[in-house]
Amino acid sequence: MKRYWKPFFLSFLVLLVLFPFTYMVLLSLMSGWQFPDFLPSYFGFKNWATIMTSEGGLLQSFVISVIISLSVAIVTTISGFFISRVVYYHPKSKVLNVLAYFPYILAPVVFAACLSFFFIKLGLFGNVTGVVVAQFLIAFPYALIFFSSFWNQKMKSYADLTATLGGSRLQTYTKVLLPMAKSMLLVCFFQTFLISWFEYGLTSIIGIGKVQTLTIKVFLFIKEANYYYGALSCCLLIFPPVVLLYFNKRYVFKKMV
Amino acid sequence: MKNRIPHIGLVLFVLIGILPFALAFIYALLYSFGVVGVVNTGFTFKFWLAVLQSGEFFKSLIYSALIAFVSMAASVGGALWITIQFRQNLEKKFLSFIAYLPLAIPGVVTGFFIFQLLSKSGFFARISYAFGWIREATDFPDLVNDTFALGINLAFITMVLPFFVLLFLNVFKNERLDELSILAQSLGANPRQVVQRIQLPILLKKARILIVLYFIFLLGSYEVPLILGQESPQMLSVLIIREIKQYDLDKISEGYVAAVLYTIIVSATVLFLFLPKRKNALI
């Protein structure tokens, strides 16, 4: 008797979760929705059609975001995997681990503001390469911390056994370590892709508005009070992660606790 | 030859993981003391004194900490309740996917969505008008860009709560809390004691580092308070960037003072959390 409220509450929770997605899609299909009207003057695919034109620059932003996020995710996952092995088998691994946390925990936008001088000097200010490098700097500590659970005594024993049986360093990686780390590599790739995909503050500082990723576009449209294009940008921003999360969800939390 | 690879790895770790942070901190420190900077002339304490005397940084720090605390308390409390009440339902295929969906929404979208719902011409204002509860937009209460940071808190809760639900569900499974609960019941514990003495302590113990980390993340949050925050006081990151990016070149150094103070607070927390301790080490 007491538990009859549960299905209703669960249904309410499901609606609550789906509401932002539905609202953004509906808002992206509207235009001329003036207060206090409850229904918009136009409802259709007019806004979505502009993705294919250069009017909003959304397709270009989407492509730039994909290129940046893929570059960050690939470089971070590969470098994080190999460097984390050195860090976590080092005699001072606990101290190195603590040092890795500093850039990870600092607000990326503040980190970027303090680093911008060096990016100007290196010619990395206001271009895609600079944004990739800056995002790599905040995603790299995540990868290091993420792979820390992989490099345990068991893995060391596997690598030692391979060496004892005559395996080269390359064979240890290609035949033993990389196959065993496959699922973790995949999760790290997805996670660092999302870190880059969701990043706004750091991108706005290093990209100075010239590198217009989707998050930058959302803000631009909010500033212009163009909420319909803002919602459209939000849709482009949230649906790729939904697909990634679907494949990713089995592994994410197993690695966190 | 064999030992060269670990050395290269360590050098790369220092170059990517440590050097940029150290350079950023040293540059901010030098700027805050007037050693570097376009209009600065030499070493001075005046920017530090100005920041410490104005009290804006500390006001912002307390404001940010309060928002982060309220959001974390509501999120962790809500997540614990949902996990304990609905864990069996949330393990079903459809609901388990639904539970992951909020993770696909970045802060910038959450901020925009909450603004769309709660602003004076937003979704709820239109509903209120349709029901005749308000006559014009200004009659609708300030729920965004407001003094009590209602919009920011709501945005943070919608971002953090789902994450902790998923985390607690996995702790439940990994720590075999169902088996432990059955064991406790067979030893005479009532359902209330099972929750209070077994489930809650274990869930909180396993998640405590992430709770502190999330608190720090919220403290330095930028996008959400930028959309939903008020002019004064502002949350830390918004205040720091406003000061550093302002047109008054004389004031930029004060922004770097705030950045240095914020970095020291965050770094001290990291040291407290993760530096190996003799007894009861957290990790």
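The values are calculated or read from the model by the stated rules, or taken from the named source; none is laboratory data. Values in this document were obtained by computation on a predicted structure and should not be read as measured data. Counting neighbours? That spans all protein chains shown, and the Cβs are built from the backbone with ideal geometry, glycine included.
Wholly within the range B:162-276, which helices (runs of 4 or more DSSP H) include no fewer than the required count, namely at least 1 residues that are small (G, A, S), more than 18 Å from the chain's Cα centre (by Cα) and under 15 Å from B:F57 (Cα atoms)?
B:252-274
Which of the residues spanning the range A:177-190 are closer than 16 Å to A:F82 by Cα and assigned to a helix (DSSP H, G or I)?
Filtering the range A:177-190 down to residues closer than 16 Å to A:F82 by Cα leaves A:177-189.
If the condition is that a residue be closer than 16 Å to A:F82 by Cα and assigned to a helix (DSSP H, G or I), then A:L177, A:L178, A:P179, A:M180, A:K182, A:S183, A:M184, A:L185, A:L186, A:V187, A:C188, A:F189 are the ones that fit.
Tell me, which residue of the range B:122-149 that is surrounded by 18 or more Cβ atoms within 10 Å (Cβ to Cβ) and among the small types (G, A, S) is nearest to the chain's Cα centre (by Cα)?
The qualifying residue nearest to the chain's Cα centre (by Cα) is B:A149.
Does the range A:98-122 hold any residues that are more than 8 Å from chain B (Cβ to nearest Cβ) and hydrophobic (A, V, I, L, M, F, W, C), and which are they?
Of everything in the range A:98-122, those that are more than 8 Å from chain B (Cβ to nearest Cβ) and hydrophobic (A, V, I, L, M, F, W, C) turn out to be A:A112, A:F119, A:I120, A:L122.
State whether one or more residues within the range A:13-34 are surrounded by 16 or more Cβ atoms within 10 Å (Cβ to Cβ), in contact with a Pro (Cβ under 8 Å, 6 or more places away or on another chain) and away from chain B (no Cβ under 13 Å).
Checked the range A:13-34: at least one residue is surrounded by 16 or more Cβ atoms within 10 Å (Cβ to Cβ), in contact with a Pro (Cβ under 8 Å, 6 or more places away or on another chain) and away from chain B (no Cβ under 13 Å).
I'm told B:R208 meets every condition in (1) more than 10 Å from chain A (Cβ to nearest Cβ); (2) within 22 Å of A:S116 (Cβ to Cβ); (3) surrounded by fewer than 22 Cβ atoms within 10 Å (Cβ to Cβ) except one. Can you identify the failing condition by its number?
For B:R208, the failing item is (2).
Here are some conditions: (1) part of a helix (DSSP H, G or I); (2) more than 9 Å from chain B (Cβ to nearest Cβ); (3) among the aromatic types (F, W, Y). A:F125 meets all but one. Which one does it not meet?
A:F125 satisfies every listed condition except (1).
Scan B:G111, B:G122, B:G132 and give me the residue that is on the phi > 0 side of the Ramachandran plot and not acidic (D, E).
B:G132
Which count do you get for residues in the range B:96-106 that are within 7 Å of chain A (Cβ to nearest Cβ) and either among the aromatic types (F, W, Y) or part of a helix (DSSP H, G or I) (or both)?
Total meeting the criteria: 7.
Anything in the range A:207-221 that is among the aliphatic types (A, V, I, L, M) and within 14 Å of B:Y222 (Cβ to Cβ)? List them, or say none.
Those that are among the aliphatic types (A, V, I, L, M) and within 14 Å of B:Y222 (Cβ to Cβ): A:I216, A:V218.
Being at negative phi, within 11 Å of chain B (Cβ to nearest Cβ), surrounded by fewer than 24 Cβ atoms within 10 Å (Cβ to Cβ) and modelled with pLDDT under 90 is true for just one of A:V86, A:V95, A:V75, A:V133. Which residue is that?
Answer to the check: A:V95.
Here is a list of conditions, (1) β-branched (V, I, T); (2) buried (at least 24 other Cβ atoms within 10 Å of the Cβ); (3) under 15 Å from B:V108 (Cβ atoms), and A:I216 meets all of them except one; can you say which number that is?
Only one criterion is unmet by A:I216, namely (2).
Can you go through B:L30, B:L117, B:L90 and tell me which one is touching a residue at least 60 places away in the same chain (Cβ under 8 Å), crowded, with 16+ Cβ neighbours inside 10 Å and aliphatic (A, V, I, L, M)?
B:L90
Pick from B:F57, B:F43: which is of a type in the set (A, V, I, L, M, F, W, C), more than 10 Å from every other protein chain (Cβ to nearest Cβ) and buried (at least 19 other Cβ atoms within 10 Å of the Cβ)?
B:F57
Might you let me know whether the range B:44-66 holds any residue that is under 30 Å from B:V195 (Cα atoms) and of a type outside the set (D, E, K, R)?
yes
Quick check: is even one residue across the range B:3-10 among the β-branched types (V, I, T), at the interface with chain A (Cβ under 10 Å from one of its Cβ atoms) and in contact (Cβ under 8 Å) with a residue 40 or more places away in the chain? Step through it out loud before you land on a result.
Quick first cut of the range B:3-10, residues among the β-branched types (V, I, T) only: B:5, B:8.
Retained after the next criterion (residues that are at the interface with chain A (Cβ under 10 Å from one of its Cβ atoms)): B:5, B:8.
After this cut, where a residue has to be in contact (Cβ under 8 Å) with a residue 40 or more places away in the chain as well, the list is none.
Taking every residue of the range B:3-10 in turn, none turns out to be among the β-branched types (V, I, T), at the interface with chain A (Cβ under 10 Å from one of its Cβ atoms) and in contact (Cβ under 8 Å) with a residue 40 or more places away in the chain.
How many residues are touching a Ser or Thr at 6+ places or on another chain (Cβ under 6 Å) and not in a helix (DSSP H, G or I) if we restrict to the range A:99-115?
Going through the range A:99-115 one residue at a time, the tally reaches 1.
Determine if the range B:160-169 includes at least one residue that is β-branched (V, I, T), touching a residue at least 12 places away in the same chain (Cβ under 8 Å) and closer than 29 Å to B:I216 by Cβ.
Yes, some residue in the range B:160-169 is β-branched (V, I, T), touching a residue at least 12 places away in the same chain (Cβ under 8 Å) and closer than 29 Å to B:I216 by Cβ.
If we keep just the residues of the range B:253-283 that are over 18 Å from A:Y104 (Cα atoms) and within 10 Å of chain A (Cβ to nearest Cβ), which is modelled with the lowest pLDDT?
Out of the qualifying residues, it is B:A281.
Any chance you could count how many residues in the range A:134-176 are in a helix (DSSP H, G or I) and without any contact (Cβ under 8 Å) to a residue 24 or more places away in the chain?
18
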